[in-house]
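Each remark here refers to the structure printed beneath this line.
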Amino acid sequence: MQMSSCKVLFHTSNLGPACVYNTDQSGFNLEIHSGKTLDIQGARHIEATAQSITCMTLSYTIQPTISASGKLLSPLMVILKESSERLGPQVQSTMFVAKNIYVMASKSGKVSKEIVKIWFTSVFYPNIQSPATLILDSLSTQNNEELLQQVRPEGMEFELLTIPPGTTSIIQPLDVFFFRQWKNFVRKFSDFIIMEDIEVQLGQRDNILRLQSLVHNQFSSPRYEAMISYAWFKCGYLEHRQPFINPVEFCFNAGHNPCCICGGKNFIRCSWCMNFICFVHFFTDYHYCNNFVH
């Protein structure tokens, strides 16, 4: 069904914002930076540092789902680029595993019809309640009414609203606001590794999964519910907005506070527990947190 702002407002007011969802994919280069560097004004040739030129062109895909009430659904789907189009038994037995990510693979590192089917049956439907409304863009790979009816659980009241072609930058909450916050957050990791000369390759499979799991965990903090809801407000789907702080502002303006574990230089302030944590104790030791402190 083609959608409009009025139709979404109707669904959020009648079902409640917690029952209206938006999902979409976003590509990430294996190495992603801020795109800014310092040099003398007027310099004709600007040099910058990267871990790998190749990693700045190869990519993988994530697919988050947000509700109009400001919730980030779990798990997050991550689609890796694998030449065999699947994760073999040896890879699956040794790769990094986290409860908040669901890992798939394709030759392109992008979504396919089979992956869409798995997303609905294993990621989306098991983690929502009936009734529900899902807003999708018009990409034929994922927006397949016949497929959705095939995999829909019996008794599930579900409606699909389709964003008209060419309008996702205006009326899709993930595109309008949310993805920019996520990518800015990831850039902080890449830039810190370069500046501090840390021997961590973010383009390696396990580090991709570790990174996206940690980012998803941070964005799942109740601290950012108003920020996620703002993405819906900016599209015209909610009538009111609440003040919010975005994750980059909260996590990476930690000043000179030492790491709460080792006393070393902090990298981040946790969105849950508010502790200041160094890179090793956050990323390498995998600081997955659910202890929320206001």
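The values are calculated or read from the model by the stated rules, or taken from the named source; none is laboratory data. This is a predicted model, so every value here is computed, not measured. In this analysis, Cβ positions are derived from the backbone assuming ideal geometry, glycine residues included, and neighbour counts consider all displayed protein chains. Please note that ligands, DNA and RNA were not included when accessible areas were found on the heavy atoms of the full protein model with its side chains. Shrake-Rupley method; radii C 1.70, N 1.55, O 1.52, S 1.80 Å.
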**the chain, helix-only ellipticity at 222 nm - DSSP H runs n ≥ 4, -39,500 (n - 2.57), divided by all residues, nearest 500** = -8000 deg cm²/dmol
**Fill in**
Under 5 Å from the placed amide H of PHE267, counting only residues 5+ away or on other chains, we find ILE277, CYS278, PHE279
**Fill in**
The number of Lys pairs in the chain whose alpha carbons lie under 21 Å apart, excluding pairs fewer than 8 residues apart on one chain, is 18
**Message:** With θ taken as phi - 60° and the coefficients 6.51, -1.76 and 1.60, list the Karplus ³J(HN,Hα) couplings across the stretch 112-124 in order, rounded to whole Hz; mark glycine and proline as x.
**Reply:** 10, 4, 5, 5, 4, 4, 5, 4, 5, 7, 10, 10, 7
**Asked** Which order do peptides 189-197, 132-140 fall in by mean Cβ count within 10 Å, highest first?
**Response** 132-140, 189-197
**Request:** Could you pull out every residue, at least 5 positions away or on a different chain, whose amide H is within less than 5 Å of the one on MET77? Hs are placed 1.01 Å off N in the peptide plane, and Pro or chain starts have none.
**Result:** GLN63, TYR102
**Item:** Exposure rule at most 10 other beta-carbon atoms within 10 Å, DSSP loop trypsin sites (Lys or Arg not before Pro): the chain longest free segment
**Value:** 100-294
**Message:** Applying a 10 Å radius around every beta-carbon, put 14-26, 247-259 in order of their mean neighbour count, most first.
**Reply:** 14-26, 247-259
**Asked** What nm value, rounded to one decimal, do you get for the distance between SER26 and HIS294 when each label is placed 7 Å out toward the C-beta?
**Response** 2.9 nm
**Prompt:** Taking the chain as a Gaussian network, where each spring joins two C-alpha atoms under 10 Å apart, which residue of GLN63, GLN242, GLN204 fluctuates the most?
**Reply:** GLN242
**Complete:** Everything considered on the Cα gyration tensor (a ≥ b ≥ c; rounded for a/c under 1.5, else prolate if a/b is larger than b/c, else oblate), the stretch 132-228 must be described as prolate
**Distance (nanometres) between label positions extended 7 Å along Cα→Cβ at SER169 and PHE252** = 2.4 nm
**Surrounding net charge for PHE233, when Lys and Arg each add one and Asp and Glu each subtract one, Cβ distance under 12 Å** = +1
**Message:** Residues of the stretch 199-233 with backbone nitrogen within less than 20 Å of a virtual label 7 Å along the Cα-to-Cβ line of GLU159, please, listed as ranges.
**Reply:** 232-233
**Fill in**
Net charge near SER169 (other residues with Cβ under 12 Å of its Cβ; Lys, Arg +1; Asp, Glu -1) is -1
**Complete:** So, over other residues within a Cβ distance under 15 Å of PRO153, counting Lys, Arg +1 and Asp, Glu -1, the net charge is -1
**Item:** the chain: antiparallel DSSP beta bridges as a percent of all, rounded to 5
**Value:** 50 percent
**Request:** Measure off 7 Å from each Cα along the Cα-to-Cβ vector at GLU196 and LYS110, then give the distance between these two points in nanometres to one decimal.
**Result:** 3.5 nm
**Request:** With a cut-off of 20 Å, note down the residues of the stretch 254-293 whose backbone N falls inside the zone around a label point 7 Å from the Cα of LEU87 toward its beta carbon.
**Result:** 283-289
**Karplus-derived HN-Hα couplings along the stretch 82-88 (A = 6.51, B = -1.76, C = 1.60, θ = phi - 60°), whole Hz, x at Gly and Pro** = 10, 4, 7, 6, 7, 9, x
**Request:** Provide the per residue accessible area, probe 1.4 Å, for the stretch 80-190, rounded to a whole number of square angstrom.
**Result:** 49 Å²
**Prompt:** Expressed as a whole percentage, what fraction of the accessible surface of the chain belongs to carbon and sulfur atoms when a 1.4 Å probe is rolled over the protein heavy atoms?
**Reply:** 50 percent
